[in-house]
Structure formats: structure tokens, C-alpha cells
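Nothing in this text is a laboratory measurement; each read-out follows from the coordinates by a stated rule. All values derive from a computational prediction rather than experimental measurement. Because the Cβ atoms are built from the backbone with ideal geometry, glycine has one as well, and the counts that use them run over all protein chains shown.
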Amino acid sequence: MAKKASKESVDYGPGHTPGAHCGGCRNFELGKDEGSGPCTRVTGTVEHTHWCKLYVKRGSNSADRRYGKR
């Protein structure tokens, strides 16, 4: 398993671009608390309204469609 990046190293914070936020990223996994959860690439819990430079729009490649991610 690859080591996860720190929030500081990926410029994690409140959404910088409208519509581009953790909740719409393919690396975000919704957790038990609505609005926050783990990220497959960043350490700790992230907020769905925040953003980082590892953002990739959910559904932006064929693997997402194949595995049912949107």
C-alpha cells in the first residue's frame, strides 16, 4: 500500500474551485459522519467541502464507471 500524503503537502483546505471538492473526488470515501470521511490518498479524515491538489473528478475515467463509482 502506498504511503498517504499529509494534508499540508497537498494544499488541503476549503474548496478553491467551485464544484471541485472532496465530495466529488474519486479518492473520497464517505464515512460514518455525514460530510466527512477518509481519503485513499490523504491521511486522516477529510471534509467533503474541502479540496486538495490530488483532486480527480469522480467518474473521470473508465475504471470509475466499471466499478460503479460516480
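For the listed residue pairs 3/53; 3/32; 4/53, the alpha carbons are over 18 angstrom apart in 3/32.
Across every direction, the projection of the convex hull enclosing the Cα atoms of the stretch 1-63 has a mean area of 4.5 nm². The modelled label-to-label distance between residue 33 and residue 3, using points 7 Å beyond Cα along the C-beta direction, is 2.7 nm.
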